[in-house]
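To keep things clear, I will list the structure first and then write my remarks on it.
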Amino acid sequence: EQLLESGGGLVQPGGSLRLSCEASGFSESNFAMAWVRQGPGKGLEWVSSISSSGANTYYADSVKGRFTVSGDYAGRSIYLQMNNLRTEDTAVYFCAKGLYTRGHFDSWGQGILVTVSS
Amino acid sequence: EIVLTQSPATLSLSPGERATLSCRASQSLNGFLAWYQQKPGQAPRLLIYDTSNRATDIPARFIGSGSWTDFTLTITSLEPEDFAIYYCQQRYSWPPTFGPGTTVDV
């Protein structure tokens, strides 16, 4: 059972980045997924969630209008398109899964670093 | 949004001792509270969900309790691998929120 993130890196303020998360080895056929981030030396902050069907998406106010979550459930992958990035978006981004869209997170990826800096 | 407050910020204990961590919510959660453990450089790990249910493979020394707005994570006898940061998280309403964390150190 594994969640594997990719796509992080260094980007200038105002730039864009797309994160990917691939799920593999899970026995459940349906599960919701989410992105949770952790700024340097800080706590956990929920960013976005997507329902198992992909029909429903949710965003933190801090990213609404700039970030878009989508899913490719044939391949069990989700994506986070991040536009108009700000320095305060610098964080490790974790992909996580759960039974419910508005739920706890029972599996996590190892995280990927996004650095927004000029 | 529901605000979660954790206390104490830091808990200094020794292996074998009992740890009691608190999480208080700004409104009732109907029991929808989870606890996570995070070690440096690692992803969080789910310990407890919906107040008192242990996640898969979590040892019995981790006990969750509470109701309404006040919740507790008890580690009955600390093992060396339990020294970490612990976060609570509510799923009662959008957005899901996390507490600021309690560090359990030696």
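The values are calculated or read from the model by the stated rules, or taken from the named source; none is laboratory data. Small disclaimer: the values here were computed from a predicted structure and weren't measured. All Cβ positions, even for glycine, are placed from backbone atoms using ideal geometry, and neighbour counts span all protein chains on display. For accessibility, only protein heavy atoms count, side chains too; no ligands or nucleic acids. Shrake-Rupley method; radii C 1.70, N 1.55, O 1.52, S 1.80 Å.
Structural remarks
- A:ARG102 accessible area, assembled protein chains, probe 1.4 Å, Å²: 80 Å²
- When the inverse distances between all different Cα atoms of the protein assembly as shown are averaged and flipped, the Kirkwood radius reads 17.8 angstrom.
- Per residue of A:105-116, other chain Cβ atoms within 10 Å of the residue Cβ number 3 on average.
- Whether the stretch B:49-106 is rounded, prolate or oblate, judged on the alpha carbon gyration tensor where a/c under 1.5 counts as rounded: prolate
- Considering only A:PHE31, B:LEU11, B:GLY41, and ranking their Cα positions along the charge dipole of the protein assembly as shown that arises from unit charges at the beta-carbon of Lys, Arg, Asp and Glu, the one farthest toward the positive end is A:PHE31.
- Relative contact order, percent, the stretch A:42-92 [alpha-carbon distance under 8 Å, six or more residues apart]: 25 percent
- Considering only A:THR68, B:LEU29, A:GLY8, and ranking their Cα positions along the charge dipole of the protein assembly as shown that arises from unit charges at the beta-carbon of Lys, Arg, Asp and Glu, the one farthest toward the positive end is A:THR68.
- Mean per-residue shielding of peptide B:35-44 is 4, counting Cβ atoms of other chains within 10 Å of each Cβ.
- Per-residue mean of C-beta atoms belonging to partner chains within 10 Å, peptide A:41-54: 3
- Alpha-carbon gyration tensor eigenvalues x 5, square-rooted, for chain A, Å: 23, 14, 13
- Whole-Å semi-axes of chain B's equivalent ellipsoid (Cα gyration tensor): 21, 14, 13
- Residue among B:ASP82, B:ASP70, B:ASP57 with the largest mean-square fluctuation in a Gaussian network model of chain B, springs linking Cα atoms under 10 Å: B:ASP57
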